[in-house]
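Below you'll find the structure, written out as structure tokens, and then a few comments.
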Amino acid sequence: MNRKLLSLALALVLVLGLAAAFAEAGIGTAATSGNSFSYLDESVMTMYVYTDNGQGLNVRSTPYVGDNIIGLAPYGTKMSVIRFLDNGWACVKWTQIGEAYVQSRFLQWFEPAPLVPVTPTPRPTAVPTVAPTAAPYYPVYTDTMAELNKEFRSARFIQHFVVSVRPARASGWVNMRWAPSQNAEVCATYRSGSLLTVIAETDSWYQVMDQNTQVTGFMMKTYTTRVY
């Protein structure tokens, strides 16, 4: 009986010693980092900044347009995208700050070709001639409110139905605006195939609602297709 007790005591001492050694070496404990954020490389998507005019892309601290710019990503910058938001924004990794936001419509999957500056063709020196007196020029002004009033006068409620977003390009997007005018502020953007519910219409626009976000706005009929 004494031998059994002695064996059990020795085994217990051995187990406690191994546990202390593992704890000292850091085995079995979670590694910590001084950074406030940490992402696996496998959890991000690599995309690139692409703008039609070659200018940089504003990086913002929150996913909306406002006084929240924290940086500028030049044309062609390689971005690590963490996730896409439903309102047309993408969450990206940004230097030491961690998560930041850019508009997803200015990102593409492949690296864009460098912009080639276009050298203007020199114009020949004009020979001065005596020109007749031109008629006075009267500038033409666009009355946005008049256009809106005209469009709203044609507004009518209809039985609700669902449309699919159909941009001009398969890889493009369509803007939802606050009012039925191309000068109105954009409240959301939608990729091809997105489904929206039509609740009213004018001559050229649908008033649509996003059932997922409950956002309501106007979208041009040209860029939609009726589904059911």
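Of the residues making up the stretch 44-98, just one is of a type in the set (Asp, Glu) and under 28 Å from Val116 (Cα atoms), namely Asp52. Scanning the stretch 185-207 for residues that are within 27 Å of Gln108 (Cα to Cα), open to solvent by less than 40 Å² (accessible area, probe 1.4 Å) and β-branched (Val, Ile, Thr) returns a single hit, Thr189. For the stretch 192-207, residues that are within 16 Å of Ala155 (Cβ to Cβ) and either among the hydrophobic types (A, V, I, L, M, F, W, C) or outside any loop (DSSP other than H, G, I, E, B) (or both) total 7.
Checked against the criterion of being under 19 Å from Val65 (Cα atoms) and in a loop (DSSP other than H, G, I, E, B), the stretch 208-219 contains one or more residues that satisfy it. Within the stretch 70-83, being out of contact with any Phe, Trp or Tyr (no Cβ under 8 Å at 6 or more places or on another chain) and loosely packed, with under 12 Cβ neighbours inside 10 Å holds for one residue alone: Pro74. If I filter the stretch 48-57 for residues that are at pLDDT 95 or above, over 22 Å from Cys187 (Cα atoms) and surrounded by 12 or more Cβ atoms within 10 Å (Cβ to Cβ), do I get at least one hit? Within the stretch 48-57, one or more residues are at pLDDT 95 or above, over 22 Å from Cys187 (Cα atoms) and surrounded by 12 or more Cβ atoms within 10 Å (Cβ to Cβ).
Restricted to the stretch 65-103, and to residues there that are touching a residue at least 60 places away in the same chain (Cβ under 8 Å) and not in a strand (DSSP E or B), the residue that is farthest from Asn212 (Cα to Cα) is Gln96. The residues in the stretch 143-191 that are farther than 28 Å from Gly66 by Cβ and in a loop (DSSP other than H, G, I, E, B) can be counted, and the count is 7.
The values are calculated or read from the model by the stated rules, or taken from the named source; none is laboratory data. Here the structure is a predicted model, which means the values were calculated and not measured. Because the Cβ atoms are built from the backbone with ideal geometry, glycine has one as well, and the counts that use them run over all protein chains shown. SASA here: full protein model, heavy atoms, side chains in, ligands and nucleic acids out. Shrake-Rupley method; radii C 1.70, N 1.55, O 1.52, S 1.80 Å.
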